[in-house]
Amino acid sequence: MFFRILITGLLTFCTCTISGYGQINEFRKWKHYALFQEDFSIDTLRKDQIFVHINNLNFLKNNEYKNYYIIGQTLVGMFLEPSVDYYPDKKTRIRAGVHLLKYHGRNSFDKIAPIISVQHHANEHIDLIVGTIQGAANHGLLEPIMSFEKNLINHNENGLQFLLSYPWIQADVWLNWEQFIKTDDPFQEKFTAGANAYIKIHEEDQWHFGLPVQLLFRHSGGQIDASNLPADTQNNSSFGLFLEWIPDLPYLKSVSLEHQLLLFQEVNPGVHKQIINGQGMYSLLDADTKYGQFQLGLWQGYNYFSPHGEPLFLSSSLISDDNYSAERSMLTIKYQYQKKLNDFLDIALRIEPYYHFNTRRMDHSWSVYLLLSKDFFLRGVR
């Protein structure tokens, strides 16, 4: 099953790369949660040099949820990722460090995980990362497919990743191996394989038009475990249209309209499942202004489920199986104000109301973030 899913992802990737042409376009950040996406580019001037890299995110996210799907919670803490980066040549970076997750009010770290990765800039279009990959918000997935809170509490991902940038397409194809098993382990292996691609149809002057495509597989299984649990594979996908206008105005940076069709399927539903397949429609209107970023969204789902998705969008409930609702419709409003304090430090405020048409009730979340990303030159290597 693992090889079938991996091959499917690689075929998707290869199909995207065939017939590429022209010079490289800088791999731009994905539209969703762009502030929280890291710069993975390799500086060719750093050959034979060693740097210390610090990546830090401090967060206070207060979820005032009073619904049938998820209980409200306040997340307050930070993660810190110090690492040493060595550039043996102009196209390769070797990174070694540690990921530390800590919630304020607790004396110990909630997660301590190694960071070990090799990134190779294969050519002007493709980067390969092995080991600790650029995960979570860096994948740029829609909220119904991957919850933004993954970036706070499950930021560290490990596996294999291809990053693609052509004049006509950009894509991220990855494998995140979440749980490794040995013989007779009492639990299953788990991994997620995904792809996010944006096909550029028109990118000239002030108008951008393209086709976003997202795929995500979540698999649990294995042949050497002693869990006696059946294999389980779930697929989420989205196909959409994206239109952006970039006006020449001092107070308005861009306006975009996006419409997405989302699908869910249990690939091998051999055991009883509450939801076998489902779908959703998500329409988004974004405005990036001098006074912050505004987003208005309309969600309509039927029997929709996602193992990594934001629970507010799902038909099933994390509170009780009895709180199942096949049809879901919701209005989402998001506002983000961000300010760059200096060249390595950003602060952001987010306000996110959710109105449920089914129950005529409003949930909301507000959050504050402080982001730090800095490189320090250590020494040269002869």
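The values are calculated or read from the model by the stated rules, or taken from the named source; none is laboratory data. No experiment lies behind these values; they were computed from the predicted model shown. Counting neighbours? That spans all protein chains shown, and the Cβs are built from the backbone with ideal geometry, glycine included. Keep in mind that these areas ignore ligands, DNA and RNA; they rest on the heavy atoms of the full protein, side chains included. Shrake-Rupley method; radii C 1.70, N 1.55, O 1.52, S 1.80 Å.
What do you reckon, is Lys182 at pLDDT below 95, open to solvent by 40 Å² or more (accessible area, probe 1.4 Å), out of contact with any His (no Cβ under 7 Å at 6 or more places or on another chain) and of a type in the set (D, E, K, R)? Yes. Residues of the range 143-162 that are within 23 Å of Gly210 (Cα to Cα) and open to solvent by 10 Å² or more (accessible area, probe 1.4 Å): Glu143, Met146, Phe162.
Remark: pairs (first residue in the range 274-288, in contact (Cβ under 8 Å) with a residue 12 or more places away in the chain and surrounded by 15 or more Cβ atoms within 10 Å (Cβ to Cβ); second residue among the small types (Gly, Ala, Ser) and part of a strand (DSSP E or B); Cβ separation under 6 Å; 6+ apart in sequence or on different chains) = Gly280/Gly301; Leu284/Gly297; Asp286/Ser256; Asp288/Ser254.
With respect to Leu175, determine if the residue is surrounded by 19 or more Cβ atoms within 10 Å (Cβ to Cβ) and modelled with pLDDT of 95 or more. When the stated conditions are applied, Leu175 passes them.
Only one residue in Tyr166, Tyr198 is of a type in the set (Ser, Thr, Tyr) and at pLDDT 95 or above. Which one?
Tyr198
The set of residues from the range 244-268 being hydrophobic (A, V, I, L, M, F, W, C), open to solvent by less than 70 Å² (accessible area, probe 1.4 Å) and either under 21 Å from the mean Cα position of the chain (by Cα) or on the phi > 0 side of the Ramachandran plot (or both) comprises Leu261, Leu262, Leu263, Phe264. Cβ separations smaller than 6 Å between residues 6+ apart or across chains give the following pairs from the range 182-193 residues that are within 22 Å of Ala136 (Cα to Cα) to residues that are hydrophobic (A, V, I, L, M, F, W, C) and modelled with pLDDT of 90 or more: Phe191/Trp177; Ala193/Leu175; Ala193/Phe217.
When restricted to residues that are assigned to a strand (DSSP E or B) and more than 20 Å from Glu203 (Cβ to Cβ), the range 253-268 contains 6. Considering (1) open to solvent by 40 Å² or more (accessible area, probe 1.4 Å); (2) under 30 Å from Asp322 (Cβ atoms); (3) in contact (Cβ under 8 Å) with a residue 40 or more places away in the chain, the lone condition that Lys61 does not fulfil carries the number (1). At least 1 residues being among the small types (Gly, Ala, Ser) and more than 17 Å from Gln293 (Cβ to Cβ) is the threshold, and among the strands (runs of 3 or more DSSP E) wholly inside the range 323-382 those reaching it are 327-340, 361-380.
Matching residues to (1) of a type in the set (Val, Ile, Thr); (2) open to solvent by less than 70 Å² (accessible area, probe 1.4 Å); (3) modelled with pLDDT of 95 or more; (4) touching a strand residue (DSSP E or B) at 6+ places or on another chain (Cβ under 6 Å):
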| position | (1), (2), (3), (4) |
| --- | --- |
| Phe294 | no, no, yes, yes |
| Gly297 | no, yes, yes, yes |
| Gln300 | no, no, yes, yes |
| Phe305 | no, yes, no, yes |
| Asp343 | no, no, no, no |
| Ile347 | yes, yes, yes, yes |
| Tyr354 | no, yes, yes, yes |
| Val381 | yes, yes, no, no |
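Residues in the range 312-338 that are out of contact with any helix residue (DSSP H, G or I) (no Cβ under 6 Å at 6 or more places or on another chain), open to solvent by 20 Å² or more (accessible area, probe 1.4 Å) and either modelled with pLDDT under 95 or farther than 22 Å from Val368 by Cβ (or both): 11 in all.
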